[in-house]
Amino acid sequence: MSERVLVGAGVGTGIAIGPAFKYTTARRVSWDSDKAGSSRGLLAISAAIAQVETDLTDSAKGVDEESADILDALRLTLSDPSLLAGIKERLADGANSQRAVAGAFAGAAKALSSLGEYFAARAADVEELGDRVIQVLSGEHETQFPNEPFVLVADSVGPIEMSRLQGTAIVGLVISSGSATSHTAILARAANLPTIVSVLGAELIKGGDQLIVDSSSGQVLVNPDELEIAQYEDAVVKVITSVVVSGQDLGVELYANLGSSSEADSALAFGAQGVGLFRTELLFLGAKKSPSLREQVLEYSRLLSAFANKRVIARVLDLDTDKPLPFLTLTESGKYANRGFQALLANPVVLETQLEALAESSKHHPEAELWVMAPMITTSEQAKQFVSMAKGYGLTKVGVMIEVPEVCREDVLAEILSVVDFVSIGTNDLTQYTLGLDRANSAISLSDVRRPEVLTLIERVITVAKNLGKPVGICGEAASDPISAKLFIHYGVTSLSLSPALLPGLIRTLKN
Ligand code: PEP
Ligand code: MG
C-alpha cells in the first residue's frame with residue numbers, strides 16, 4: 001500500500017503518475033526603499049502592470065473560450081481605478097513600490113472576500129495578480145519547471161500561474177488550498193489536467209516523492225507500491241482509450257468511493273452504479289469551525305442530485321488521531337480512541353448536525369437513495385446507538401462499517417446485524433488492525449487483505465450478513481484488486497466500492 005493517502009476534492013477526470021515538484025507561491029516583499037526614489041515608483045509599477053497585462057493577453061491566445069474569459073477578466077481587474085488609487089495613496093505615505101502594490105492588492109482582496117464565498121475565490125485571484133506584479137517589479141526570475149513529467153505540489157496556484165504551466169511537462173496538480181469551483185480548477189479541467197484541490201497534508205509530500213493523482217476519487221497516493229502503480233497505469237490506458245464498460249451483469253453492484261461532490265461526474269463517466277463510500281471528512285478537516293448545517297446540506301445535495309435513481313452511501317465523519325480539529329473534543333486515550341464513531345460520541349453536536357444535514361438533503365433529493373453509515377464501530381452497543389440516532393432524524397437505511405477485528409466475532413456480528421440495515425467492510429483499517437500494522441507506513445501491501453487472518457474475518461462477516469439477508473459491501477482499497485474482488489464476490493458480497501477510475505479495469509477483468 002502507498003506510504004500515505006491524502007484526500008482532497010478532485011477536479012475533472014483522469015489520473016496522473018509522476019514525481020512531485022514542490023512549489024511555493026509565497027513572495028517575500030522587500031522593505032528596501034525604491035532605488036530610483038519614490039517619484040519613480042509609480043512609473044515602475046505602471047510598467048510592471050503593463051507587462052502583466054501583456055502576459056495575460058498572450059496567455060489567453062490559443063486556449064478555450066472559458067479559459068480566455070477568465071484571463072481577460074483578470075486583465076481588466078488590473079485597470080481598476082481603485083487599485084491605482086490605493087497604490088498612489090500608499091506611495092504618498094512612504095511605502096516602497098513593492099509594499100504599495102502588496103497593500104493595495106491585499107486591500108482589494110480583503111474587500112472582495114468580505115462579500116461571501118463566491119467572491120472569496122475571486123479575492124485569491126486578485127492576490128495572485130498582486131504577486132505577479134511584485135514578481136515583475138523585483139526582477140525575480142520565473143521558476144524553472146522540470147523538463148521531465150512532474151506533478152506540481154503547491155500551497156496555491158492562481159489562474160496566471162496555471163496559464164504559465166501550460167506547455168511545461170506538468171502531468172498533474174496537487175494544491176493544498178482552493179476549491180473545486182475556483183478559476184484555477186476551471187482552467188485545470190479545461191486543460192484536462194488531473195488536479196486535486198484542498199488536499200489536506202499536502203505539505204507532507206517531499207520533492208521527488210512518487211505520486212498517483214486520482215482526480216476521480218480525490219486521492220493522492222504518496223509512494224505507492226508496485227501493485228497500485230500497475231493498476232493505475234492500466235487505468236490511465238483505459239482513460240485514454242475511454243472504453244465505456246458496464247458492470248451490470250457481474251452479480252455485484254460496483255460503486256465509487258468519493259471525497260467530494262465535484263467527483264460525481266467523473267464517477268458516473270467511469271460507470272459507477274452508485275456511491276459506496278462518500279467520505280465526508282473533507283468538509284471538516286482543515287476547517288476552523290464545524291461546517292454549518294447549510295454548508296453540509298449544500299454539499300450532500302450536490303452529490304445526491306448527481307446520483308438520481310442510484311444509491312449513495314454517506315459515511316459520517318471519520319476522524320483520525322493525527323488530525324485533531326480545533327472545534328472537536330478529544331476522547332480519552334485507549335484503543336481506537338479519537339477515531340470514527342467513538343470520536344463522534346465525544347462531540348454529539350457535530351454528529352447530530354451531520355445527521356440532520358443528511359436527512360434534510362435526502363428530503364430535498366428523494367431521487368437518490370441515501371444510505372448512511374458510521375465508521376469504526378467497535379461494539380454492538382455503538383451500532384445500536386448510531387442506528388437509533390440516525391433513524392431519529394428520519395434516515396431510513398442505516399448501517400455501520402466493519403473495520404476492527406473485535407466486531408467480527410460471530411456473536412457480535414449477529415447482534416450488529418440484527419439492528420442495522422447493512423454493513424460495509426473497510427478493508428484498509430481491518431487489515432491494519434488485524435495484522436497489528438500501521439497503515440501510515442508502507443509495511444502493508446494491497447494483497448495483505450488476502451492473508452488468512454484477515455480473509456477469515458471478511459468471509460465470516462459476508463457469510464453472517466448473507467444468511468441474515470442484509471447487504472454487505474466492501475469499500476476498502478482491496479475492492480479494486482481483481483484477485484481479492486473475485487474472492488469477495490465468491491463469498492457473497494453485494495457491492496464493491498473503489499476509486500471510480502479503477503472501475504473500468506476491474507469490470508473488464510471480472511468479465512474475463
Ligand atoms: C477502510 O478503512 O477500508 C475505509 C474504507 O475507510 P478509510 O480508508 O476512509 O479509513
Ligand atoms: Mg476506515
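The values are calculated or read from the model by the stated rules, or taken from the named source; none is laboratory data. These numbers come from a predicted model, not from an experiment. When we count neighbours, we look across all protein chains shown, and the Cβ atoms used for this are built from the backbone with ideal geometry, even at glycine. For the accessible areas, the whole protein counts, side chains as well, though only heavy atoms, and no ligand, DNA or RNA atoms are used. Shrake-Rupley method; radii C 1.70, N 1.55, O 1.52, S 1.80 Å.
State yes or no: is residue 294 under 25 Å from residue 195 (Cα atoms) and assigned to a helix (DSSP H, G or I)? Judged against the criteria, residue 294 is not a match.
Entry remark, segment 181-192: residues being among the hydrophobic types (A, V, I, L, M, F, W, C) and either modelled with pLDDT of 90 or more or surrounded by fewer than 24 Cβ atoms within 10 Å (Cβ to Cβ) (or both) number 3 in total. Restricting segment 328-341 to residues that are within 16 Å of ligand 2 (Cβ to nearest atom) and in a loop (DSSP other than H, G, I, E, B) leaves a set whose member that is surrounded by the fewest Cβ atoms within 10 Å (Cβ to Cβ) is 335. From the list 259, 251, the lone residue that is touching a helix residue (DSSP H, G or I) at 6+ places or on another chain (Cβ under 8 Å), buried (at least 18 other Cβ atoms within 10 Å of the Cβ) and in contact (Cβ under 8 Å) with a residue 40 or more places away in the chain is 259. Going by what's in this entry, would residue 77 be described as β-branched (Val, Ile, Thr) and open to solvent by 60 Å² or more (accessible area, probe 1.4 Å)? Here the answer is no, as residue 77 does not meet what is asked.
Yes/no matrix, rows are residues, columns are (1) of a type in the set (A, V, I, L, M, F, W, C); (2) more than 30 Å from residue 446 (Cβ to Cβ); (3) at pLDDT below 85:
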{"residue": "1", "(1), (2), (3)": "yes, no, yes"}
{"residue": "9", "(1), (2), (3)": "yes, no, no"}
{"residue": "13", "(1), (2), (3)": "no, no, yes"}
{"residue": "33", "(1), (2), (3)": "no, yes, yes"}
{"residue": "39", "(1), (2), (3)": "no, yes, yes"}
{"residue": "47", "(1), (2), (3)": "yes, yes, no"}
{"residue": "55", "(1), (2), (3)": "no, yes, no"}
{"residue": "64", "(1), (2), (3)": "no, yes, yes"}
{"residue": "69", "(1), (2), (3)": "no, yes, no"}
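Condition check ((1) in contact with a Leu (Cβ under 7 Å, 6 or more places away or on another chain); (2) within 29 Å of residue 4 (Cα to Cα); (3) assigned to a helix (DSSP H, G or I); (4) open to solvent by 40 Å² or more (accessible area, probe 1.4 Å)) across all residues:
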| residue | (1), (2), (3), (4) |
| --- | --- |
| 140 | no, no, no, yes |
| 161 | no, yes, yes, no |
| 168 | no, yes, no, yes |
| 171 | no, yes, no, yes |
| 196 | no, yes, no, no |
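Just one of (1) away from ligand 2 (no atom under 16 Å from the Cβ); (2) under 28 Å from the mean Cα position of the chain (by Cα); (3) of a type in the set (Asp, Glu) fails for residue 429. It is (1). Identification of helices (runs of 4 or more DSSP H) wholly contained in segment 415-497 with 3 or more residues that are buried (at least 16 other Cβ atoms within 10 Å of the Cβ) and among the aliphatic types (A, V, I, L, M) yields 452-467, 482-491. Restricting 205, 134 to residues that are open to solvent by less than 10 Å² (accessible area, probe 1.4 Å) and within 28 Å of residue 46 (Cβ to Cβ) narrows the list to 134. Given the structure, is residue 229 open to solvent by less than 10 Å² (accessible area, probe 1.4 Å), on the phi < 0 side of the Ramachandran plot and not in a loop (DSSP other than H, G, I, E, B)? When the stated conditions are applied, residue 229 does not pass them. Looking only at residues in segment 290-316 that are open to solvent by 40 Å² or more (accessible area, probe 1.4 Å) and among the charged types (D, E, K, R), the one that is nearest to ligand 1 (Cβ to nearest atom) is 311. Only a single item in (1) touching a residue at least 12 places away in the same chain (Cβ under 8 Å); (2) within 21 Å of residue 476 (Cα to Cα) is not met by residue 380, and it is number (2). Within segment 386-406, count every residue that is more than 16 Å from ligand 2 (Cβ to nearest atom), closer than 14 Å to residue 420 by Cβ, not in a helix (DSSP H, G or I) and not hydrophobic (A, V, I, L, M, F, W, C). Adding up the residues that qualify gives 2. Summed over segment 83-116, the residues that are buried (at least 16 other Cβ atoms within 10 Å of the Cβ), in a loop (DSSP other than H, G, I, E, B) and not small (Gly, Ala, Ser) give a count of 1. Sub-6 Å Cβ pairs linking a first residue in segment 309-321 that is hydroxyl-bearing (Ser, Thr, Tyr) to a second residue that is open to solvent by less than 50 Å² (accessible area, probe 1.4 Å) and more than 13 Å from ligand 2 (Cβ to nearest atom), at least 6 apart or interchain, are 321/338, ordered by first then second residue. Scanning segment 363-392 for residues that are over 20 Å from residue 307 (Cβ atoms) and surrounded by fewer than 18 Cβ atoms within 10 Å (Cβ to Cβ), we see that the one that is nearest to ligand 1 (Cβ to nearest atom) is 379. When we screen 355, 319, 325, 344 for residues that are within 25 Å of the chain's Cα centre (by Cα), open to solvent by less than 50 Å² (accessible area, probe 1.4 Å) and either modelled with pLDDT of 95 or more or at positive phi (or both), the only hit is 355. Figure legend. Inter-residue proximity from segment 415-428: first residues more than 15 Å from residue 313 (Cβ to Cβ), second residues open to solvent by 10 Å² or more (accessible area, probe 1.4 Å) and within 16 Å of ligand 2 (Cβ to nearest atom), beta-carbon distance below 7 Å, spacing 6+ or different chains. Indicated pairs: 427/477; 428/439; 428/477. For segment 268-288, filtering for residues that are more than 15 Å from ligand 2 (Cβ to nearest atom) and acidic (Asp, Glu) leaves 0.
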